[in-house]
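Trainee: Here's a structure for you.
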2 protein chains.
Amino acid sequence: MMRGCTGFCILDIMNTAAKQGSVGAVTARKLHFDAPLAFRGGGVLDQYELAYETYGTLNAAKSNAVLVCHALNASHHVAGWYEDQPDNIGWWDNMIGPGKPLDTSRFFVVGVNNLGGCFGSTGPASINPATGKAYGASFPVVTVEDWVVAQARLADELGIARFAAVMGGSLGAMQALQWTLSYPERLANAVVIAVAPKLSAQNIAFNEVARQAITTDPDFHGGDFYKHGVLPKRGLRLARMIGHITYLSDDAMMEKFGRTLKSGAIQYHFGVDFEVESYLRYQGDKFAEYFDANTYLLITRALDYFDPALAMGGDLSRAMAVARAKFFVASFTSDWRFAPERAREIVKALLDNRADVSYAEIDAPHGHDAFLLDDARYHALVRAWFDNIYTSLNAP
Amino acid sequence: MMRGCTGFCILDIMNTAAKQGSVGAVTARKLHFDAPLAFRGGGVLDQYELAYETYGTLNAAKSNAVLVCHALNASHHVAGWYEDQPDNIGWWDNMIGPGKPLDTSRFFVVGVNNLGGCFGSTGPASINPATGKAYGASFPVVTVEDWVVAQARLADELGIARFAAVMGGSLGAMQALQWTLSYPERLANAVVIAVAPKLSAQNIAFNEVARQAITTDPDFHGGDFYKHGVLPKRGLRLARMIGHITYLSDDAMMEKFGRTLKSGAIQYHFGVDFEVESYLRYQGDKFAEYFDANTYLLITRALDYFDPALAMGGDLSRAMAVARAKFFVASFTSDWRFAPERAREIVKALLDNRADVSYAEIDAPHGHDAFLLDDARYHALVRAWFDNIYTSLNAP
């Protein structure tokens, strides 16, 4: 179960997959890295593995590669399905494939599971070769900057000196932004969707409650639950329920669930009365079965810490001055997690630097989840953007 | 510790108390009721107690009484302080007192702790005389309608046939609304602040996560934790943290905490880095010390279930047709828990019935908590409203 969808997207993805071309059956790969990786926050991994997938063909000039970065609970499985798991469809399959907005008949697309993850790359549940036991609480606190370093090493191994684009939504978009700062010469374009240049106090607050739910679960054991043979499912479940509320707009929730009663009448109890309760419990239960609690902590902390302007005294325009990419920035009107005003902060900082930036504010009702959905106007804009990239790749 | 404040109001209250007249030292009283009370959702209390306070003097005509209904974590301690607890100031002390918007030199003000509460009225932690043990999970699921019935019985005992006004904010405002439906002839005015005619799916979702945090705490023991000598503090703490996020606007949180670091630098850990984390943990810890977990469940469920339009097929205008009171309705622009659009639904339903309604949409940055704060424009409007009531009381 490696779903990148945070909400209603599964049906959409399936509908889209039926309509449009798919990259088809894909294979997850792993690369082992022996060069130590020192983390920004302290700690070193002497060796590690990255799980990744690729779709399409790298051209002779090696100029058509696109890196797709994932958000909280997604993975390297971005498009297609697995031969032995035909229902396990990649989390951005509606966006990526032959003839789709990011067209795999033109581009070589790379998806990678981030370090600290729980879908194949080295993470807290992995065995530390130095001890023979799971890393658990000893896994380094990882930042967006660290992920980008690891992604660049993967690019080296794949022979990609420069990406045609680095692309992501939400936390994935933070990675695309960071690429323009850490390796400004190594990408031509950045596709930055549904994100802010840093979390607000409210964003951090939601993350903190989720983390507190996990770390105060008696089964968490300070992060070393693996050796106790238990999982902090209660905490993960609550964390996921909180997350789901923030992924959807109030209106989308009202549209989808309203005050509909599961059994048609109020039961006067603390079980499920309203459909929305059933939905949250189901999503929470499902998530707690497959996601790693330490990964959840690490990823939410990476979100909290991301703040490229911090080193420049809070001046985002100064921070973005080193960027050389062309930017496509998009936000969604009903996204209250990362509202359009927040995306405009990024656009302003880029314009202050006379960067080449296109900005789309898309009128969509679905909240933060909109970036994963099959919205015709949104997809048309991404398609046009990649058409331009493709044209420039093949310009004389 | 009986604070009605949901956020930043403590300082405001203290500042205000220093500036304006206070009702001074007050005494909490209790009344015992022997007539059984059958709850709407099933269950009966054969006997029960209500804790209450009064301020000011009931006039000879018994026409100047105002009932103030409380919201989630407040109580009958609405104004003043206790002789032996001078710092325990009533939760709406900035609103109520001699010379204050609700002027106790003119009105006889009644505050009551609702049934199911944990501050003196019979609730889940009370001893069930039939068993000699705490009610715990056996306490009836209580609704806004049930509270209003109990409040009317208290009014009977106090000799109040008709209130000059029933007033509340948030869940307290739902009780004021219910009064106009359950006992339309028993109140002249309803003061309805910062509320919606029913919860949205998102509102219910936040309540549900809070309840799930409590009921999945291993110390909850199905609601009968009293006999185990433990308290589900982990769950209550998380519930309170979630609540606090919804009481404040994103902007207010950013203004108050921003991304300020507790120790001046990022620590790369899962302890407290940001001020907002420290705030939430502190509020959660404090709340878990004094609030009853079963009361939290009951009160959030009463919120979920409140929906006066339900019996009329969702038609709020038809539901409000029985109301006879004059209405003052107020909302706050930054309140995303109960946004102004929701208050306007109430106003529309009242206007559809040609009711006498004044509506104020107050431009305030503090979110839902604004109803508890000392905002000059807001207080001036409430003051003017009660001035009118006072004038009409004394009209020939």
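Trainee: Please specify each residue of the stretch B:47-99 satisfying the condition of being aliphatic (A, V, I, L, M) and in a loop (DSSP other than H, G, I, E, B).
Mentor: From the stretch B:47-99, those aliphatic (A, V, I, L, M) are B:50-51, B:58, B:60-61, B:65-68, B:71-72, B:74, B:78-79, B:89, B:95-96; that's our starting set.
Residues satisfying the conditions are B:L58, B:A60, B:A61, B:A71, B:L72, B:A74, B:V78, B:A79, B:I89, B:M95.
Trainee: Looking at A:E289, A:E361, which is the one that is at pLDDT 95 or above and in contact with a strand residue (DSSP E or B) (Cβ under 6 Å, 6 or more places away or on another chain)?
Mentor: Only one candidate qualifies: A:E361.
Trainee: For the stretch A:36-62, give me the residue count where each residue is open to solvent by less than 30 Å² (accessible area, probe 1.4 Å), without any contact (Cβ under 8 Å) to a residue 60 or more places away in the chain and either more than 30 Å from A:P98 (Cα to Cα) or within 14 Å of chain B (Cβ to nearest Cβ) (or both).
Mentor: Counting residues in the stretch A:36-62 that are open to solvent by less than 30 Å² (accessible area, probe 1.4 Å), without any contact (Cβ under 8 Å) to a residue 60 or more places away in the chain and either more than 30 Å from A:P98 (Cα to Cα) or within 14 Å of chain B (Cβ to nearest Cβ) (or both) gives 0.
Trainee: Of (1) more than 14 Å from chain B (Cβ to nearest Cβ); (2) more than 19 Å from the chain's Cα centre (by Cα); (3) open to solvent by less than 30 Å² (accessible area, probe 1.4 Å); (4) small (G, A, S), A:A190 satisfies all except one. Which?
Mentor: Here A:A190 meets the rest and fails (2).
Trainee: Go through the stretch B:141-175 and give me each residue that's in a loop (DSSP other than H, G, I, E, B) and either open to solvent by 10 Å² or more (accessible area, probe 1.4 Å) or in contact with a His (Cβ under 8 Å, 6 or more places away or on another chain) (or both).
Mentor: Correct list: B:V141, B:G159, B:A161, B:R162, B:S170.
Trainee: Identify all residues within the stretch A:188-208 that are under 22 Å from A:R344 (Cβ atoms) and not in a loop (DSSP other than H, G, I, E, B); write none if there are none.
Mentor: Within the stretch A:188-208, A:N189, A:A190, A:V191, A:V192, A:I193, A:A201, A:Q202, A:N203, A:I204, A:F206 meet the criteria.
Trainee: Follow-up question, since we're still on this one. If I ask for residues that are open to solvent by 10 Å² or more (accessible area, probe 1.4 Å) and either closer than 24 Å to B:V195 by Cα or touching a strand residue (DSSP E or B) at 6+ places or on another chain (Cβ under 8 Å) (or both), which ones from the stretch B:121-139 would you list?
Mentor: Scanning the stretch B:121-139 gives B:T122, B:A125, B:S126, B:I127, B:N128, B:K133, B:A134, B:Y135, B:S138.
Trainee: If we keep just the residues of the stretch B:206-231 that are within 11 Å of chain A (Cβ to nearest Cβ) and more than 21 Å from A:F206 (Cα to Cα), which is surrounded by the fewest Cβ atoms within 10 Å (Cβ to Cβ)?
Mentor: Step by step, filter the stretch B:206-231, then rank; the result is B:G222.
Trainee: Consider A:L316 carefully, then state whether it is within 14 Å of another protein chain (Cβ to nearest Cβ), modelled with pLDDT of 95 or more and within 21 Å of B:E277 (Cα to Cα).
Mentor: no
Trainee: Answer with yes or no whether A:A325 is within 21 Å of the chain's Cα centre (by Cα) and either farther than 30 Å from A:H244 by Cβ or charged (D, E, K, R) (or both). Lay out the reasoning, then the answer.
Mentor: Values: within 21 Å of the chain's Cα centre (by Cα): yes; either farther than 30 Å from A:H244 by Cβ or charged (D, E, K, R) (or both): yes.
Against the criterion (within 21 Å of the chain's Cα centre (by Cα) and either farther than 30 Å from A:H244 by Cβ or charged (D, E, K, R) (or both)), A:A325 qualifies.
Trainee: Could I ask something else about it? Would you pick out the residues in the stretch B:176-187 that are under 16 Å from B:E345 (Cα atoms) and either open to solvent by 10 Å² or more (accessible area, probe 1.4 Å) or within 14 Å of another protein chain (Cβ to nearest Cβ) (or both)?
Mentor: B:Q178
Trainee: With B:L310, B:L280, B:L261 as the choices, which residue is facing another protein chain (nearest Cβ under 7 Å) and not polar (S, T, N, Q)?
Mentor: B:L280
Trainee: If I filter the stretch A:232-253 down to residues being of a type in the set (A, V, I, L, M) and either in a helix (DSSP H, G or I) or open to solvent by 40 Å² or more (accessible area, probe 1.4 Å) (or both), which single residue comes out as farthest from the other protein chains (Cβ to nearest Cβ)? I'd like the intermediate steps shown before the answer.
Mentor: First, pick out the residues of the stretch A:232-253 that are of a type in the set (A, V, I, L, M): A:236, A:238-239, A:241-242, A:245, A:248, A:252-253.
Checking which are either in a helix (DSSP H, G or I) or open to solvent by 40 Å² or more (accessible area, probe 1.4 Å) (or both) leaves us with A:236, A:238-239, A:241-242, A:245, A:252-253.
Numbers: A:L236: 11, A:L238: 6, A:A239: 10, A:M241: 5, A:I242: 6, A:I245: 5, A:A252: 9, A:M253: 4 Å.
Filtering first and then ranking leaves A:L236.
Conditions (1) surrounded by 15 or more Cβ atoms within 10 Å (Cβ to Cβ); (2) in contact with a helix residue (DSSP H, G or I) (Cβ under 6 Å, 6 or more places away or on another chain), marked per residue:
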{"site": "B:K256", "(1), (2)": "yes, no"}
{"site": "B:A265", "(1), (2)": "no, no"}
{"site": "B:H269", "(1), (2)": "no, no"}
{"site": "B:F274", "(1), (2)": "yes, yes"}
{"site": "B:R281", "(1), (2)": "yes, no"}
{"site": "B:F287", "(1), (2)": "yes, yes"}
{"site": "B:D292", "(1), (2)": "yes, no"}
{"site": "B:G313", "(1), (2)": "no, no"}
{"site": "B:S317", "(1), (2)": "yes, yes"}
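Trainee: OK, next. With the requirement that a residue be open to solvent by less than 10 Å² (accessible area, probe 1.4 Å) and either closer than 16 Å to A:G243 by Cβ or hydrophobic (A, V, I, L, M, F, W, C) (or both), what does the stretch A:374-383 give you?
Mentor: Within the stretch A:374-383, just A:V382 meets the criteria.
Trainee: Then there is this: All but one of (1) touching a strand residue (DSSP E or B) at 6+ places or on another chain (Cβ under 9 Å); (2) of a type outside the set (K, R); (3) open to solvent by less than 50 Å² (accessible area, probe 1.4 Å) hold for B:S334, so report the exception by its number.
Mentor: Going through (1) touching a strand residue (DSSP E or B) at 6+ places or on another chain (Cβ under 9 Å); (2) of a type outside the set (K, R); (3) open to solvent by less than 50 Å² (accessible area, probe 1.4 Å) one by one, B:S334 breaks only (1).
Trainee: From A:N113, A:N73, which residue is closer than 23 Å to A:G243 by Cα, at pLDDT below 95, under 15 Å from the mean Cα position of the chain (by Cα) and crowded, with 21+ Cβ neighbours inside 10 Å?
Mentor: That would be A:N73, the only listed residue that is closer than 23 Å to A:G243 by Cα, at pLDDT below 95, under 15 Å from the mean Cα position of the chain (by Cα) and crowded, with 21+ Cβ neighbours inside 10 Å.
The values are calculated or read from the model by the stated rules, or taken from the named source; none is laboratory data. Note that the structure is a prediction, hence the values are computed from the model and not measured. Methodologically, a virtual Cβ is constructed for each residue, glycine included, from the backbone with ideal geometry; neighbour enumeration extends over all protein chains shown. Just the protein is used for accessible areas: all its heavy atoms, side chains included, with ligands, DNA and RNA removed. Shrake-Rupley method; radii C 1.70, N 1.55, O 1.52, S 1.80 Å.
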